[in-house]
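To start, the structure under review is shown below, and the notes come after it.
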Amino acid sequence: MARNRYVEIAAEPEPGWEASIAAGTCGLLTMYHGLAWAERMRVLLGYQPLFFTVSDGERPILRLLAFICRPPSIRGLANTARHVVPAALRGRIGSLLWYGEPVAVGEAREGHYRDLAASLDREARYRWLRVAAGNWPAALEATIPLGWSVRRWGTIQVDLSPAKEDLLAAMKGSARKAVRRAERDGIVVRRVASLEELRSYYAFATRCARRYDKRMHGFEDFRSMWEHIRPKGWFETFVAEHEGEMIAGLSVWGHGDVIGELGSFQSERSFADKLYGPDLIKWKVLQWGHDQGLRQLDLGGVNPAPEGKEVGIRRFKEKWGGVYYEYTAIG
């Protein structure tokens with residue numbers, strides 16, 4: 001373990017890491033800094049975890065799970081190209097990256113974020129890595145080193161704590177209308193209950209993704225969520241069916257009392273026949289999250305200044321009664 005001012009850096013988590021992440025706060029998913037996420041990325045992609053803790057004396061204040069991505073440990077040709085080639089062009093041998101924002105586990109101030117950012121930058125330089133990706137609170141963007149590439153990005157976050165009737169009332173009229181239409185059309189939503197059902201769903205998702213050029217990472221990606229994320233947190237997949245045929249699907253994952261969306265898919269028939277499976281899924285997910293006692297559903301990234309098809313994506317996410325949250329994306 002190396003010490004750098006108030007920052008401790010380790011290849012293994014300190015005792016109490018998981019509990020502090022579960023109790024900590026950040027603007028995005030804390031899941032990205034938990035031990036299940038570390039193990040998933042190590043097994044699936046060959047990433048090497050690196051645990052950063054900013055402390056005041058003996059009190060942890062800020063924590064972040066980063067990953068070292070460099071040959072020969074990285075798995076997959078596409079993954080290797082994504083991290084190694086850009087690094088080589090910058091005279092580096094790999095990448096340092098993280099997901100989500102740092103997690104405040106104490107009373108974090110601007111100086112703690114500045115120390116963490118400086119430590120990440122020094123660690124990357126020391127290991128001949130480029131800082132490739134991560135997220136940071138937009139209000140603390142001034143603490144980011146000048147050499148990092150940054151841009152603003154956003155998300156829509158729905159509070160799941162109100163009663164179900166209040167959740168429904170908070171939705172825009174277009175969302176309520178779509179849900180009623182889906183129910184009238186006989187669309188039903190179910191939750192995937194086994195790994196074999198997940199494999200069947202993945203085959204459907206792959207067909208959908210091929211139609212609109214969405215990149216898939218193999219069933220191992222979904223299986224790793226089931227095996228690593230689900231036992232210690234949340235990973236669920238919801239499927240909409242019409243007349244016995246799968247027409248749409250959506251997965252959610254998370255840690256503690258916050259979940260986020262990933263992997264929304266819709267069949268060609270659903271598009272052509274204007275079936276509202278995705279809308280009914282969204283309403284079922286909101287109800288399910290409320291029943292689980294969860295606090296928030298993060299609907300995923302939206303462009304702060306949308307153009308083209310991004311306008312429709314943002315409009316769809318905004319109709320579910322959430323609030324907009326903007327953050328700084330690195331890389």
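The values are calculated or read from the model by the stated rules, or taken from the named source; none is laboratory data. Being a predicted model, the structure only gives us computed values, none of them experimental. Cβ sites come from the backbone with ideal geometry, for glycine too, and all protein chains shown count toward neighbours.
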Candidates LEU160, LEU195 - the one that is over 24 Å from GLU318 (Cβ atoms) and out of contact with any Ser or Thr (no Cβ under 9 Å at 6 or more places or on another chain): LEU195
Test: residue in the stretch 133-142 that is over 26 Å from the mean Cα position of the chain (by Cα) and not assigned by TED's automatic domain parsing to the domain that holds TRP320: no
The lone exception for SER270 - which of (1) free of Cβ contacts under 8 Å to residues at least 40 places away in the same chain; (2) over 14 Å from ALA182 (Cβ atoms); (3) in a helix (DSSP H, G or I) it fails: (2)
Residues being touching a strand residue (DSSP E or B) at 6+ places or on another chain (Cβ under 9 Å) and either buried (at least 20 other Cβ atoms within 10 Å of the Cβ) or under 16 Å from LYS282 (Cβ atoms) (or both) - total across the stretch 172-194: 8
Residue count for the stretch 73-128, restricted to those that are of a type in the set (A, V, I, L, M), modelled with pLDDT of 95 or more and buried (at least 18 other Cβ atoms within 10 Å of the Cβ): 10
Count of the stretch 165-194 residues which are part of a helix (DSSP H, G or I) and either touching a helix residue (DSSP H, G or I) at 6+ places or on another chain (Cβ under 6 Å) or not assigned by TED's automatic domain parsing to the domain that holds VAL252 (or both): 4
The listed residue being part of a strand (DSSP E or B), under 19 Å from the mean Cα position of the chain (by Cα) and of a type outside the set (Asp, Glu), out of PHE235, PHE316: PHE235
Residues of the stretch 143-163 satisfying the condition of being within 17 Å of VAL285 (Cβ to Cβ) and under 25 Å from the mean Cα position of the chain (by Cα): THR155, ILE156, GLN157, VAL158, ASP159, LEU160, SER161, PRO162
Only listed residue being under 22 Å from ALA19 (Cα atoms), modelled with pLDDT of 95 or more and either surrounded by fewer than 20 Cβ atoms within 10 Å (Cβ to Cβ) or hydroxyl-bearing (Ser, Thr, Tyr) (or both), chosen from THR143, THR53: THR53
Of residues in the stretch 253-286 being surrounded by 21 or more Cβ atoms within 10 Å (Cβ to Cβ) and of a type in the set (A, V, I, L, M), the one farthest from the chain's Cα centre (by Cα): LEU275
